[in-house]
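Working notes for the structure below.
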Amino acid sequence: MDSEIIIELINVEKSFGSQKVLDRVNLQVRRGTTLVIVGASGQGKSVILKHMLGLVRPDAGQVKVFGKDIANCSKSELKEVRKSFGVLFQNVALFDSMTVYDNIALPLRERTHLSEAEIRANVEEKLAMMDLDKAGNKFPAQISGGMQKRVGLARALVLDPSIVFFDEPTTGLDVNKSNEIYRLFYKTQAQLGYTAVIVSHDVPKIFKLSDHVALLANKQIQGCLTPEEFQLSDNPHIRSFVETTMGPIYSSEREESSFYEKI
Ligand SMILES: Nc1ncnc2c1ncn2[C@@H]1O[C@H](COP(=O)(O)OP(=O)(O)OP(=O)(O)O)[C@@H](O)[C@H]1O
């Protein structure tokens with residue numbers, strides 16, 4: 001049975017000046033699942049994420065998180081909803097003057113009343129999850145870009161969020177380091193059970209981690225489908241995206257599967 005819908009965009013419209021970016025965008029995210037939003041550069045994927053985070057308000061339509069319309073609620077209600085969010089953006093934005101440990105502890109110190117002993121237990125658990133046990137006393141400048149992303153992931157997870165938003169989480173990393181981030185994402189999601197919304201260009205790799213893939217093209221969501229359905233879709237925008245980003249191998253898989261359907 002499908003889990004409950006916890007994020008819902010209903011006919012969302014957004015323009016910046018005379019540039020319309022989103023036109024009646026509809027999208028749903030179910031609890032415990034991973035949604036990946038794909039699309040060409042500049043289509044508005046990050047703008048969709050910012051609507052979900054309550055950082056941008058739609059010109060029209062609704063953005064519901066846990067059933068609450070966050071575009072039309074009070075600041076304190078929005079703050080309450082955001083307590084259940086974790087965020088990992090392209091620029092991890094660690095504080096250079098703080099150690100790795102203090103960077104991860106920061107949300108706990110700012111937003112909870114936990115004792116230092118409780119904070120230590122939580123941060124050490126996250127450091128271990130990210131294979132960063134020995135890096136707690138280092139400063140961001142002393143660790144690699146891949147490690148910095150892992151610190152960012154640890155910090156995003158430290159408040160045990162129910163929804164984690166990732167905007168191009170592997171930007172700037174080589175293949176091995178980006179695989180490592182995805183491995184840790186997969187592991188921590190299995191352990192912590194959070195819902196994930198990911199904007200990524202890592203196609204087709206990212207499909208292996210997703211329950212649903214949504215293509216944003218021509219200002220609209222062209223389909224929110226399982227990775228398998230997505231690769232076989234007849235929607236012309238999706239077809240064109242699959243062919244240009246995934247190459248002929250997927251066309252032949254498509255032909256192969258329709259061949260099996262016939263026999
Ligand atoms: N605050 C803003 N003010 C003006 N224009 C904006 C603002 N935010 C986004 N835009 C415009 O909206 C469009 C979509 O931007 P967005 O960053 O969401 O695209 P994207 O699909 O995430 O692209 P990429 O894959 O390159 O990151 C762009 O033309 C961008 O310049």
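Structure summary
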item	result
Number of the condition not met by SER41 [criteria: (1) more than 16 Å from the ligand (Cβ to nearest atom); (2) surrounded by fewer than 18 Cβ atoms within 10 Å (Cβ to Cβ)]	(1)
The range 2-29, residues that are of a type in the set (Asp, Glu) and within 16 Å of the ligand (Cβ to nearest atom)	GLU13, ASP23
Single unsatisfied condition, LEU114 versus (1) surrounded by fewer than 17 Cβ atoms within 10 Å (Cβ to Cβ); (2) of a type in the set (A, V, I, L, M); (3) within 27 Å of VAL213 (Cβ to Cβ)	(3)
Residues of the range 170-207 satisfying the condition of being touching a residue at least 40 places away in the same chain (Cβ under 8 Å) and farther than 26 Å from GLU4 by Cα	THR171, GLY172, HIS201, VAL203, PRO204
PHE89 being buried (at least 17 other Cβ atoms within 10 Å of the Cβ) and within 16 Å of the ligand (Cβ to nearest atom)	yes
Strands (runs of 3 or more DSSP E) fully within the range 34-95 counting 1 or more residues that are of a type in the set (D, E, K, R)	60-65
Test result for GLU80, surrounded by fewer than 19 Cβ atoms within 10 Å (Cβ to Cβ), away from the ligand (no atom under 16 Å from the Cβ), of a type outside the set (A, V, I, L, M, F, W, C) and outside the structural domain of HIS201 (by TED's automatic domain parsing)	no
Test: residue in the range 135-151 that is closer than 21 Å to GLY193 by Cβ and at pLDDT 95 or above	no
Number of positions in the range 6-38 that are under 16 Å from the mean Cα position of the chain (by Cα) and among the aliphatic types (A, V, I, L, M)	9
Pairs, first within 12 Å of SER233 (Cβ to Cβ) and free of Cβ contacts under 8 Å to residues at least 24 places away in the same chain in the range 208-222, second of a type outside the set (Val, Ile, Thr) and buried (at least 20 other Cβ atoms within 10 Å of the Cβ), C-beta under 7 Å, six or more apart	GLN222/LEU215
Whichever residue in the range 69-110 is within 23 Å of the chain's Cα centre (by Cα) and of a type in the set (Lys, Arg) and, among such residues, is farthest from PHE185 (Cα to Cα)	LYS79
Residue check, LYS126 part of a helix (DSSP H, G or I), in contact with a helix residue (DSSP H, G or I) (Cβ under 7 Å, 6 or more places away or on another chain) and over 27 Å from VAL38 (Cα atoms)	yes
Flag for VAL56 being assigned by TED's automatic domain parsing to the domain that holds ASP167, within 12 Å of the ligand (Cβ to nearest atom) and not hydroxyl-bearing (Ser, Thr, Tyr)	yes
Selection status of GLY32, away from the ligand (no atom under 16 Å from the Cβ), under 15 Å from ILE10 (Cα atoms), assigned by TED's automatic domain parsing to the domain that holds GLU13 and surrounded by fewer than 20 Cβ atoms within 10 Å (Cβ to Cβ)	no
Single match in ASP160, ASP102, ASP174 (criterion: more than 23 Å from THR33 (Cβ to Cβ) and loosely packed, with under 13 Cβ neighbours inside 10 Å)	ASP174
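The values are calculated or read from the model by the stated rules, or taken from the named source; none is laboratory data. Being a predicted model, the structure only gives us computed values, none of them experimental. When we count neighbours, we look across all protein chains shown, and the Cβ atoms used for this are built from the backbone with ideal geometry, even at glycine.
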